[in-house]
Amino acid sequence: MARENYKAEQLWLNSFFQEIKTLDLSLEAEFEMRRAGVSLAELLDVFASGEVEWADRDYDGCSFVISGRNCDDEEIKIYGGFCSEIEMVSVMQIERVR
Amino acid sequence: MAGLDKHICRKIHVRECKDYDASHLIGAPFPVTLTGGVLEKHCEECNAKAGHILKNPRQLTRMVAVARACDDMKLNGSEVRFLRKSINLKAKELAEKLDIDPAHLSRIENGHLAISVVLEKLVRSAVCLSFLDEARIVGMDGSSILSMNIPSVVCSSRIFSLDLRLVEQNNVLHVVGGERSATVSSKSWKDDCEPKIAI
């Protein structure tokens with residue numbers, strides 16, 4: 001039910017994430033991608049089609065948790081934020097949900 | 001207890017990252033080295049790495065998939081899986097497109113069975129048709145792939161690797177050079193790519 005609260009963020013984020021211009025990856029996210037075998041293409045597909053589980057808007061963007069499925073139907077969760085002014089998406093951590 | 005104080009990186013700066021190994025990030029089962037197009041974040045105080053910034057990541061992943069699809073070195077199972085994932089198809093969906101049993105595709109992807117030349121050309125064509133702009137960059141189209149001379153067996157002494165040199169102009173990545181190489185033979189893109197790149 002909590003996801004009902006994020007309809008606006010959902011619409012905005014999914015359209016914004018169709019074409020990400022700059023992607024900022026933390027070292028932790030890179031490490032987890034390598035460990036869990038999550039590729040950049042999978043990450044971008046989750047961004048474009050995933051559901052916003054939580055979001056918190058601030059003056060120049062928002063922080064979010066997005067979850068979605070890759071082409072093999074495995075759930076991936078992304079924790080991050082984005083800045084609309086410079087069109088940059090930051091990925092703080094990712095998680096492959098088993 | 002002062003010795004136990006943990007340094008917290010606050011002054012994060014970015015610098016150009018030269019020769020970034022992107023294979024793990026892209027999920028490619030072959031080495032991918034990027035020059036340009038990637039910035040490295042680091043702490044100005046302790047010089048520790050804090051991560052990387054990628055320009056146009058979507059273009060980048062497409063470019064790598066197309067580069068592999070357009071190289072005539074035989075695909076192994078992991079590479080078939082990589083190409084399938086790059087076009088965001090489930091194994092079942094690709095098997096349907098190839099008109100084969102999903103179990104057959106699974107055996108190919110797991111390396112229990114070599115992919116036939118005909119199926120391989122269909123997989124490569126699917127990638128190039130999905131990413132037409134990137135395919136044009138390497139001068140490939142459907143007919144070039146169908147007429148490609150692919151060996152019927154995987155040569156274990158040859159390893160595909162990709163070296164891309166990228167520059168960013170107006171938020172668009174341009175490939176200013178690149179090299180596909182193998183341990184036995186190599187093929188340079190330098191002459192091909194420089195004049196006509198425009199992703």
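The values are calculated or read from the model by the stated rules, or taken from the named source; none is laboratory data. Note that this is a predicted model, so its numbers are computed, not measured. We place every Cβ from the backbone using ideal geometry, glycine too, and count neighbours over all the protein chains shown. Accessible surface areas use protein heavy atoms only, side chains included; no ligands, DNA or RNA. Shrake-Rupley method; radii C 1.70, N 1.55, O 1.52, S 1.80 Å.
Using a cut-off of 30 Å between Cα atoms, the listed pairs B:K55/B:K97; A:K77/B:K49; B:K41/B:K92; A:K7/B:K18 include B:K55/B:K97; B:K41/B:K92; A:K7/B:K18 as exceeding that distance.
Local charge for B:S86 was computed over the other residues whose Cβ lies under 9 Å away, with Lys and Arg +1 and Asp and Glu -1, and equals +4. Quick one: compute the contact order of the stretch B:62-134, relative version, from alpha carbon pairs under 8 angstrom and 6+ residues apart, as a percent. Relative contact order comes out at 46 percent.
For chain A, the relative contact order is 30 percent, taking Cα pairs closer than 8 Å that sit 6 or more residues apart in sequence and dividing their mean separation by the residue count. Taking both sides together, the accessible area buried where A meets B is about 2300 Å² for a 1.4 Å probe.
Summing Lys and Arg as +1 and Asp and Glu as -1 over all other residues whose Cβ lies under 10 Å from the Cβ of B:H52 gives a net charge of -1. Convex hull of alpha carbon positions in chain A: directionally averaged projected area 6.0 nm².
Which percent of the accessible heavy-atom area of the stretch A:26-71 goes to carbon and sulfur, probe 1.4 angstrom?
46 percent
Considering only alpha-carbon pairs that sit under 8 angstrom and 6 or more positions apart, the relative contact order computed for the stretch B:38-170 is 28 percent.
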